[in-house]
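The values are calculated or read from the model by the stated rules, or taken from the named source; none is laboratory data. This one's a predicted model, so the numbers in the text were calculated from it and none came from an experiment. Every residue, glycine among them, receives a Cβ derived from its backbone with ideal geometry; neighbour counts consider all protein chains shown.
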Amino acid sequence: MAAMRFIMIGGFLGAGKTTTIARLARAYQDRGLRVGIVTNDQASDLVDTHTLRSQGLHVGEVAGACFCCHFDELTATVAELGQEQRPDVVIAEPVGSCTDLVATVVQPLRGLHSDEIDVAPYGVILKPSHGRRILRNEEGSGFSPKAAYIFRKQLEEADFVILNRIDELTGQEIGELVALLATACPEVPVVQMSARTGQGFETLLEQLGQQGEFGRRILQLDYDIYAAGEAELGWLNSSMRLTSEASFALDEILLQVVVELVDELRQDSAEVAHLKVIGMSAGSHGVANAISNELAPELSLQSGCHPLDADLIVNARVAIDPDILQTKVQDVVSRVCGKRQIKVDFRQTQSFRPGRPVPTHRYSDPVAD
């Protein structure tokens, strides 16, 4: 039996991993391949999981810690995806604040599961909005040097870097980012693409289809700096139920929540790493998101829905105290809905700072091929 192809797409929070993975999944399905997806988060109620499942994709989730710390759960989830029908390709989306994934995920897969899993080259998506400022070494990049350290280390361990969102960039901006990447991670190939439009996507498929000695860039990593950088982010996943006696425009609610929340966070100089809100009602769903303080929030997926009730999930990753973040989310949602006579029932909220990473395995040298 042929080994499953394991594709992991890394990158910082808000880089566009979920959009890329969804397009990858459709591309492989169009080639007649069976596809499974594994998402990952520090907590449950992940917008990405709901978004991908709503597109008819077969998705498993590893929640509560990153892949490196829950390696056995990762492999168990991959196995569960194959219980009904074994996938030909498994695409994995790690937590956007994690690094050291070659040593703690790629190499252990090669060393312990090479008979069942064939690991593809590891691609990391560059987030242009924060990447430009961090790679320029600008002060006021939005994150502390410790958080920027994680960003740089993600690029350093990649087999290739994916410069995403080129549809939103000028030629000059693309050229500058390519030059900055050449300095930050020399000799690492760069794929230019837009996950949203599909521009350059065939080049990504070609990179992922390569065979050879990949996943061998094991980092020299200071885990104290890494842990401190992750802990600077407030992490929130919150679910709630909206009900109203009159129908309401779900997409309008989603976008307004994100717009007002970003405005509140800007006033506190709290940098948004990623903010996502999904609304679901009677089989319809919409998504609004923001990926930095400098870019306008957007409605990335329209539901076109005017329901009497809906379920909302908010995922927020922000450089702010998580208790303050929770208060702001609840205040903004209540205010936006209150203006429209919509009742909000807050259900489950998890708000915290990520703990210190403790990998299940960490290989200091690449597995011999």
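Descriptive notes on the structure:
- Listed by first and then second residue, the pairs linking a residue in the range 322-346 that is modelled with pLDDT under 95 to a residue that is part of a loop (DSSP other than H, G, I, E, B), with Cβ atoms under 7 Å apart and 6 or more places separating them unless they lie on different chains, form an empty list.
- Meets criteria (outside any helix (DSSP H, G or I), hydrophobic (A, V, I, L, M, F, W, C) and without any contact (Cβ under 8 Å) to a residue 60 or more places away in the chain) for Val188: yes
- Candidates Gly111, Gly123, Gly131, Gly96 - the one that is within 25 Å of Leu33 (Cβ to Cβ), touching a residue at least 40 places away in the same chain (Cβ under 8 Å) and not β-branched (Val, Ile, Thr): Gly123
- Any hit, the range 296-314, residues being among the β-branched types (Val, Ile, Thr) and not in a strand (DSSP E or B): no
- Among the residues of the range 33-42, just one is assigned to a loop (DSSP other than H, G, I, E, B) and either of a type in the set (D, E, K, R) or closer than 25 Å to Ser284 by Cβ (or both), namely Arg34.
- The number of residues in the range 165-200 that are in contact with a Pro (Cβ under 8 Å, 6 or more places away or on another chain), surrounded by fewer than 16 Cβ atoms within 10 Å (Cβ to Cβ) and under 24 Å from Arg26 (Cβ atoms) comes to 1.
- Selection of the range 315-346 for residues being of a type in the set (D, E, K, R) and in a loop (DSSP other than H, G, I, E, B) yields Asp321, Lys339, Arg340.
- Output for the range 168-185, where each listed residue is more than 22 Å from Tyr223 (Cβ to Cβ), not β-branched (Val, Ile, Thr) and not in a loop (DSSP other than H, G, I, E, B): Glu168, Gly171, Gln172, Glu173, Gly175, Glu176, Leu177, Ala179, Leu180, Leu181, Ala182
- Cβ-Cβ under 6 Å pairs, at least 6 apart or on other chains, the range 38-49 side within 15 Å of Cys69 (Cα to Cα) and in the same structural domain as Leu74 (by TED's automatic domain parsing), far side assigned to a strand (DSSP E or B) and among the aromatic types (Phe, Trp, Tyr): Gln42/Trp235
- Of residues in the range 134-156 being free of Cβ contacts under 8 Å to residues at least 40 places away in the same chain and buried (at least 19 other Cβ atoms within 10 Å of the Cβ), the one farthest from Thr20 (Cα to Cα): Ser141
- Test: Ser194 is assigned to a strand (DSSP E or B) and either assigned by TED's automatic domain parsing to the domain that holds Tyr149 or within 21 Å of the chain's Cα centre (by Cα) (or both): no
- Of all positions in the range 65-78, at least one carries a residue that is buried (at least 23 other Cβ atoms within 10 Å of the Cβ), modelled with pLDDT under 95 and either part of a loop (DSSP other than H, G, I, E, B) or out of contact with any strand residue (DSSP E or B) (no Cβ under 6 Å at 6 or more places or on another chain) (or both).
- Conditions (1) surrounded by fewer than 19 Cβ atoms within 10 Å (Cβ to Cβ); (2) in contact with a helix residue (DSSP H, G or I) (Cβ under 8 Å, 6 or more places away or on another chain): number failed by Tyr122: (1)
- Qualifying residue in the range 29-48 (condition: over 25 Å from Glu116 (Cα atoms) and touching a helix residue (DSSP H, G or I) at 6+ places or on another chain (Cβ under 7 Å)): yes
- Residue, farthest from Asn237 (Cα to Cα), within the range 335-350, restricted to residues that are of a type in the set (D, E, K, R) and loosely packed, with under 12 Cβ neighbours inside 10 Å: Lys339
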